[in-house]
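The values are calculated or read from the model by the stated rules, or taken from the named source; none is laboratory data. What you see is a predicted model, and the numbers here were worked out from it, not measured in a lab. Because the Cβ atoms are built from the backbone with ideal geometry, glycine has one as well, and the counts that use them run over all protein chains shown.
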Amino acid sequence: MATREKILVTALQLFNEKGYVKVGVREIARALQMSPGNLSYHFPKKEDLLFELLKSYSEQNTIYFSHFQQEESSIDRFLTLMTKIMHAQYQHRGIMVGNFELHSDIWGQDTLNYRHTHHRRRGDLELILTQLRDAGQIEADADDIAFLVSMLTLFGKYALHESLFTSNGTSESEVVDQNIDLLIRQLSLFSTETGSNSIEEYLVTRGN
C-alpha cells in the first residue's frame, strides 16, 4: 500500500474511533510511526485529509448510483443501493457524524463543491423515485416524490447519527439493517403490490 493510502486508512480509523475533531496530525503520524513532517509532505493540513476522504466517499456513492441506472428500477434494487450507501456512511462515520467545526470546513471549501454534490444527490433520488413510480413499484404524485426526496435526504443525514449514539456495541450490519428497516416502513406507505413483492425479495436476499 502506498504511503498516501496508508495515511488515509489510518486517519479514517482514528477519526472513526475518536471523532474528527479529537484527532490531531501528530497522533496520526504516531500511529503510522512516521514524523509529522513526513505526513505533512503528503497532506499539509488535517483538513486536507478530511477533504480527500470525503472526495473518495462521494466518488464511491456516484458509482453506486451509476450502477443502479444500468438495470431496471425496483424497490429491491433501490434498497440494495441504500444498503451500500449506509455501509459506506458507517465506514466513514468519523467524518460523517456532525459537529460544527467539521460542517464549517465542508461548506467553506469551494474545491469540495459540497453544495453541488448535495443537490446532485437530491436529483438522483428524485429520478430513482420517478422511475419506481413509472415501473409500477410505488404510487406517488409529484408532491409525494418531493416529500420522499426530503425524507430520504434527512434520513441519510441523521439516521446514522442517531443509531451510533444509541446503539453502543451494535455491529455495522445491525446498524445498517435497523436503518433500512425504517426506510422500508416509509416506502411501504407508497408501495404497490408489485413494490411490496419487491420489498419481500430484498428481505429474503438479506436473510430475514
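Residues in the range 31-45: is at least one surrounded by 13 or more Cβ atoms within 10 Å (Cβ to Cβ) and of a type in the set (D, E, K, R)? No, because not a single residue in the range 31-45 is surrounded by 13 or more Cβ atoms within 10 Å (Cβ to Cβ) and of a type in the set (D, E, K, R).
Looking across the range 11-43, the residues that are in a loop (DSSP other than H, G, I, E, B) and either basic (Lys, Arg) or under 23 Å from Gln91 (Cα atoms) (or both) come down to Gly19, Tyr20, Val21, Lys22, Val23, Gly24, Phe43. Take the residues in the range 57-95 that are at pLDDT 90 or above and touching a Ser or Thr at 6+ places or on another chain (Cβ under 7 Å); name whichever of them is surrounded by the fewest Cβ atoms within 10 Å (Cβ to Cβ). If we take residues in the range 57-95 being at pLDDT 90 or above and touching a Ser or Thr at 6+ places or on another chain (Cβ under 7 Å), then Asp76 is surrounded by the fewest Cβ atoms within 10 Å (Cβ to Cβ).
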